[in-house]
Amino acid sequence: MKKCLLILLLSVPCLQLFSSTQEPAPSPPHASSDYDRAFHDPFAAPENPDRMADTPKRKVSDPLQPVNRAFFAFNDKFYFWLLKPIDSGYKKIAPKPVRLSIDRLFQNARFPIRFANNLLQGQFKSTGIEVSRFVVNSTVGVGGLFDPSDHWKLKEQKADLDQTLAHYRVPTGCFICWPFIGPSSLRGTFGLAGDSMLQPWGYCSLLAVRMGVPAFDIINKSSLHPGEYEEFKNSTLDAYVAMRSAYFDNLASEK
């Protein structure tokens, strides 16, 4: 049982990545009709060649690709053989409003991560907003089960240690697909390790709490994104390359 909980504990970053890659691409601003959007002349010159020339192509360092692909295949089996069946059973006993409230509760509990990293990045306004959100949601929001601060335009100020290291120009490093953890990088790995030290349940003396609470968080979060991984996987010819690209696209969007 403890081994299963450990596996679940380590798998959440991969799930978060897949749930964040499903936003539809915006329509090009120059497309004035369905005909324009459907037609593309491959021999036409770009509308703004200078702008395209100035756009650098992202270089991905993946020297461990054979090992990474093996771990990706392992994580794929883990999702379909263990996590997905657990999700199906959990959704039958927990209505979606309850699962949403639980997710908000865990988001509120991860306040120390956002607070510390906004502060380390010198984002003092964001730090103040996070403090206000935590106070409001922990009191009026009954410990975070509800999110009244969102209605008061106190939006969550996302920040983690990977983002903080990037803020101080620490290189991303090579791509790494960890077993159970999922897509990451050398810098991201150190970021995950550092952020885990700011999770409150990690300081409980009871092993069942340290393992069980985050495992439950993973199951609950996964149940709120049904079928997203399957859609992601079926929409590409090479799921590994798509996952790797999505990971670096997410990093770029957080800058």
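Odds and ends about this structure:
- Output for the stretch 202-255, where each listed residue is among the aromatic types (F, W, Y), surrounded by fewer than 18 Cβ atoms within 10 Å (Cβ to Cβ) and closer than 27 Å to F175 by Cβ: F248
- Number of residues in the stretch 209-255 that are among the β-branched types (V, I, T) and either under 30 Å from H167 (Cβ atoms) or outside any helix (DSSP H, G or I) (or both): the value is 4.
- In the set L161, L192, only one residue is within 24 Å of Y79 (Cα to Cα), of a type outside the set (S, T, Y) and under 17 Å from the mean Cα position of the chain (by Cα); that residue is L192.
- Top-ranked residue in the stretch 137-155 [being of a type in the set (A, V, I, L, M, F, W, C) and in contact (Cβ under 8 Å) with a residue 12 or more places away in the chain; ranked as surrounded by the fewest Cβ atoms within 10 Å (Cβ to Cβ)]: W152
- Identity of the residue in the stretch 156-201, β-branched (V, I, T), in contact (Cβ under 8 Å) with a residue 24 or more places away in the chain and in a loop (DSSP other than H, G, I, E, B), that ends up surrounded by the most Cβ atoms within 10 Å (Cβ to Cβ): I181
- Within the stretch 130-153, restricting attention to residues that are in a helix (DSSP H, G or I) and among the acidic types (D, E), the residue that is farthest from R104 (Cα to Cα) is E130.
- For N75: the one exception among (1) buried (at least 18 other Cβ atoms within 10 Å of the Cβ); (2) of a type outside the set (A, V, I, L, M); (3) more than 30 Å from Y240 (Cα to Cα): (3)
- The set of residues in the stretch 102-124 being over 13 Å from D160 (Cβ atoms) and hydrophobic (A, V, I, L, M, F, W, C) consists of I102, L105, F106, A109, F124.
A quick yes/no check of all residues on (1) closer than 25 Å to D147 by Cα; (2) surrounded by 15 or more Cβ atoms within 10 Å (Cβ to Cβ); (3) touching a helix residue (DSSP H, G or I) at 6+ places or on another chain (Cβ under 8 Å):
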| residue | (1), (2), (3) |
| --- | --- |
| I86 | no, yes, yes |
| G89 | no, no, no |
| S101 | yes, yes, no |
| R104 | yes, yes, yes |
| R114 | yes, yes, yes |
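- S132 vs. criteria surrounded by 19 or more Cβ atoms within 10 Å (Cβ to Cβ), among the hydroxyl-bearing types (S, T, Y) and at negative phi: no
Computed from the coordinates by the stated procedures, all read-outs in this text should not be read as laboratory data. From a predicted model like this one, the values you see are computed outputs, not experimental measurements. When we count neighbours, we look across all protein chains shown, and the Cβ atoms used for this are built from the backbone with ideal geometry, even at glycine.
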